[in-house]
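Reviewing the structure listed below.
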Amino acid sequence: MSSKRPIRRRRRRSRAMAMATTTTTRATANRALVRRHRRGDVASVTRATPVRRRDAMLMVTTTLTMLTSVDAARAAAAEVTIRRDDEGFGANEASAKALALVSYVGTIVESGEMFDTTYGGQKFDTNSAGVGSQSIEVAPERPVVLNLSSEYPTPGVPEGLRAGVRGMRVGGTREFDVPPELGFGDVAVRSPYATIPAGSTLRYTVKVLRLSTTGPDALFKGVTRCGRGGASAQSSGCGSVEAAE
């Protein structure tokens, strides 16, 4: 029995020393945090308040949801402003479920600079040899297919462009302004012909050539030498595509 007592004393002494070391370490850390707080070190103050990972993820998710809701509310309140509208001859209006073959020109309202067009005839930015590099040849004329449904977002196609085309008829031309909420928002965007500054209002002049609710093939019925996309697609016949139902 007497041989075990020294071992117990050593264990008790070790636990006491460990507790004292832990207390000293915590006290030192707290004093350091207080000094950082007095200096205005916000990051250190944030670390002084532990947050569980689940709670942190919940806070981030809640914040993103709130921001998304705010953006959605702003977009819902925003409207496209129609400046000019030539009705055309088509029997049907473009609905949110339709595909539209269109030609258009897009400009930045604040500067008047053109940032996109389907009519071609100008060199465009390629970035193939770095920022600011341009194509060797001018772009060909090539109308594009727009899916007018908001359920299928397309890169480079703002919601305001789709909204402005809805209600148009084949053969019609419409000029309308797209507010930033329905355009590219608060971020700068590079387009083929210019950089669109953040918060820009966009102006489109659009002509509807074809409408379809059955698929893209109907849009190109009777069209030759005009591909739907890709760098190698034929474009020599795109300039002769006429408005038709």
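Under a crude label model (7 Å from the Cα following the beta-carbon direction), how far is Glu113 from Thr224 in nanometres?
Taking the simple label geometry, Glu113 and Thr224 are separated by 4.2 nm.
Determine the sum of side-chain charges near Ile108: Lys and Arg each +1, Asp and Glu each -1, restricted to other residues whose C-beta is under 12 angstrom from that of Ile108.
Summing Lys/Arg as +1 and Asp/Glu as -1 gives -3.
Using a cut-off of 14 Å between beta-carbons, work out the net charge of the residues near Ser200 (Lys and Arg +1, Asp and Glu -1, Ser200 not included).
That works out to -4.
Please compute the Kirkwood hydrodynamic radius of segment 80-240 from all pairs of different C-alpha atoms, in Å with one decimal.
16.3 Å
Once the piece of chain linking Val138 and Asn92 is laid out straight, how much longer is it, given 0.36 nm per residue of separation minus the C-alpha distance between them?
That works out to 13.0 nm of additional length.
Every number here is computed from the coordinates shown, using simple stated rules; none is lab data. Worth saying up front: this structure is predicted, and the values here are computed from it rather than measured. Neighbour counts run over all protein chains shown; Cβ positions are idealised from the backbone, glycine included.
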